[in-house]
Amino acid sequence: MALSQTFHDTNGTTEEWDISLSGGYLSRDHVKAYFYPTGNLEDARAPKTFTWLTDTRIRITPALAAGGKLLIQRETPRADLLVEFTNTADFTQQNLTTLGKQSLFMVQEVTDLYEDPELIGAIADAKQAAADATAAAATTNSNVVAAQAAEAAAEAAQASTELAADAALAASEAADSSQAAAAGSASSAATALASANAASTAAQAARDAILNSPVIALGSGTTLDLAAGKAFTKAVDGDTTFSVSGVAASPKLNAILLDLTFSTSAVITWWSGVKWSYGLAPSFNAAGRTTLAFVSFDGGTTWVGSVVAKDLA
């Protein structure tokens, strides 16, 4: 059953014709009428002008000759979007519905081009004639016979060229849209991959810097001297404020591994520029051991802090 087409047999007297299209249409400008004088869809068609009587009925004058076939079909624009959104109030239900219907109607129209039985029959006849011509050329040495078979095939193919071309055009435009979407996805994937590689390189550098660094016990001190090492331990027995020194200038990476052992409840105050996930600094139990990591990519202006392990036994 056609979704975007309505066929009528003409009788030489009828001037008013009903329209039945799945989902209707987005604009009257998208509705077209074509007349096949002999009723054979393999013949050339003639575009017809018409006037609207209602949203589902049109008039064509003078009346179309008897024995023909009238095709009324929806031709939704495929080259451009009917709605393009910006960061304004045009992001409305009506605009979203229009854009959704445009996509649905385009699919229905391409489906009709491929699935309508009469259209398929016309294309199939052309294919069969071409096959007959190939067989004749392969089984005879007579150039005349081969030429006659080829001529018959060409005539049959020409009769259905317009229908096949419409279907090919629709398929090509759909493929172009898919290719453009794929190109955008590929670009996004390449950007994401580059970011992932950069993050991996930075993580490896931080790991190497820490693994090759001596472990420094702070004792009563609270300053993390990166010139002396990258890994520190401290027993915490009260409120403590940490600071850093010896930070390497950008673009060098700065990394710190800090292991804290708590013997009592304590408030920890970090140096300027420390950032935590979701803006939430970790809390600590009255007794337990916690390991933290800090990384700076901008010479110590900003530090990314994270909990490596908490409440170790």
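The table below gives the values:
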{"quantity": "Distance between modelled label sites at Ala190 and Phe7, nm, 7 Å Cα→Cβ extension", "calculated": "4.9 nm"}
{"quantity": "Equivalent ellipsoid dimensions for the stretch 246-313 as semi-axes, Å, which come from the Cα gyration tensor, largest first", "calculated": "25, 12, 10"}
{"quantity": "Quarter of Cα convex hull surface for the stretch 56-108, i.e. mean projection, nm²", "calculated": "6.0 nm²"}
{"quantity": "FRET E, pair Ala228, Gln204, Förster distance 22 Å, beta-carbon r, rounded to 0.05", "calculated": "0.45"}
{"quantity": "Partner lysines for Lys69 [C-alpha distance under 30 Å; skip if fewer than 8 residues away on the same chain]", "calculated": "Lys32, Lys48, Lys101, Lys127"}
{"quantity": "By average C-beta atoms within 10 angstrom, highest first, the peptides 36-48, 270-282", "calculated": "36-48, 270-282"}
{"quantity": "Under 17 Å from Lys252, Cα to Cα: lysines that are on another chain or at least 8 residues apart", "calculated": "Lys230"}
{"quantity": "Efficiency of FRET from Cβ geometry, Arg57 and Ala135, R₀ 51 Å, rounded to 0.05", "calculated": "0.55"}
{"quantity": "Virtual spin-label span in nm between Thr49 and Asp311, 7 Å along Cα→Cβ", "calculated": "8.4 nm"}
{"quantity": "Table column - 3J(HN,Hα) (Hz), the stretch 24-29, Karplus curve with 6.51, -1.76, 1.60, x for Gly and Pro", "calculated": "x, 7, 8, 8, 4, 5"}
{"quantity": "Cα-projected label distance for Leu96 with Thr291, points at 7 Å along beta-carbon direction, nm", "calculated": "4.8 nm"}
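Every number in this text was worked out from the coordinates using simple rules, so none of it is lab data. Computed from a prediction, not measured in an experiment: that's the story for all the values here. Because the Cβ atoms are built from the backbone with ideal geometry, glycine has one as well, and the counts that use them run over all protein chains shown.
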